[in-house]
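Each value in this text was obtained by applying a stated rule to the coordinates, not by laboratory testing. Predicted, not measured: the structure shown is a model, and the values here were computed from it. All Cβ positions, even for glycine, are placed from backbone atoms using ideal geometry, and neighbour counts span all protein chains on display.
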Amino acid sequence: MGTVEYIQHHLANNTVGEGFWTFNMDTIVISALLGALIVFVSARLGRQLTTGTPRGFQNFVESILDFVSTNVRDAFPGHNPLIAPLALTIFVWVWLMNAMDLIPVDLLPYLYQVITGDSHAHLKVVPTTDLNTPLAMALAVFALILSFNIKHKGIWGYTKMFLFHPFGKFFIPFNIVMTFIEEVSKPLSLGLRLFGNMFAGELVFLLIALIGGTLAVGAAALFWAPLQAVLDLGWLIFHLLVITLQAFIFMVLTIVYLGMASESDH
């Protein structure tokens, strides 16, 4: 398999169906399994909670809860019982989906090919490198933004925001265009930022993997294989920061956008 074919193979999803009804099954299954993992671990931890000074995994989980709660208090005005659980779910789920990028790029696809007996089977293991996942999550957040706007401002109050913001009543056509762009940019910024960073990170891992595959032939392996190991480790350590930062940004922007939607006045 050549360099271009190798990259194309790893960036292709395992799909079912055709046209509009094409489903990326690897994205659906892996993201669902990670979501189920969150539910399972949370339920198990909930049955084993201890009072007093927490230790071990419970202490780690409580530190995440404190971190999320602090961000909610700082970015969201007032109190809404939905915001903190939503923020926690987004942060943990996005982080786990991003963290699939830390698994060696050839490992799970190879195991899947062995299990299925199909040497050309596709398996894209990082759900957030599939544009459908970040945009679907962003659209879900956008639906909440719309509902919060209508709930706190009323239908007429939300309509007035389009008519009279930001230039006043004498520039209603411009206001509608500008406010529409402002609102639409919210889900786009959420989805495309996450997708772009994770897709770029996946490409770097693939390029590093090619060093040990395409270039490390014969005696050249004595040079290229150690170089690949060093680059892979270095990018993995840096990528830990990237995947955490992207999960954090998605969470914080969600809190901020919902906070803006919860204000009575724009």
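Remarks
- Computed E for F57/L11 - FRET, C-beta separation, R0 30 angstrom, nearest 0.05: 0.30
- Filtered chymotrypsin sites (Phe, Trp or Tyr not before Pro), segment 135-175: DSSP coil and at most 15 other beta carbons within 10 Å: F167
- Check: the chain dipole with +1 on Lys, Arg Cβ and -1 on Asp, Glu Cβ, in debye: 800 debye
- Which of V256, T159, L245, positive extreme of dipole for the chain (C-beta unit charges): T159
- Fully extended contour minus Cα-Cα distance, from L146 to V184, at 0.36 nm per residue: 12.6 nm
- Taking a sphere under 14 Å around the Cβ of S189 and counting the other residues whose Cβ falls inside, with K and R at +1 and D and E at -1, yields a net charge of 0.
- Calculated log₁₀ intensity ratio I(q)/I(0) where the Debye formula runs over C-alpha points of segment 64-214, q = 0.17 Å⁻¹: -1.07
- With Cα atoms defining each centre, segment 1-77 and segment 139-188 are spaced 31 Å apart in the structure.
- The angle separating the long axis of helix 172-210 from the principal Cα axis of greatest extent in the chain is about 20 degrees.
- Pairs of Lys residues in the chain are counted when their Cα atoms are under 23 angstrom apart and they lie 8 or more places apart or on different chains; the count is 6.
- Cα-based helix-to-principal-axis angle, 107-116 vs the chain, degrees rounded to 10: 70 degrees
- Degrees separating the helix 83-99 axis from the principal Cα axis of the chain, which is the longest one: 20 degrees
- Other residues within the sphere of radius under 11 Å centred on the Cβ of L123, judged by their own Cβ, net out at -2 (K and R +1, D and E -1).
- Shape of the chain, Cα gyration tensor, a/c cut at 1.5: prolate
- A simple count of charges around L144, restricted to other residues whose Cβ falls under 14 Å of its Cβ and scoring Lys, Arg +1 and Asp, Glu -1, yields +1.
- The helix-based estimate of mean residue ellipticity at 222 nm for the chain, built from -39,500 (n - 2.57) per DSSP H run of four or more residues and divided by its residue count, is -25500 deg cm²/dmol to the nearest 500.
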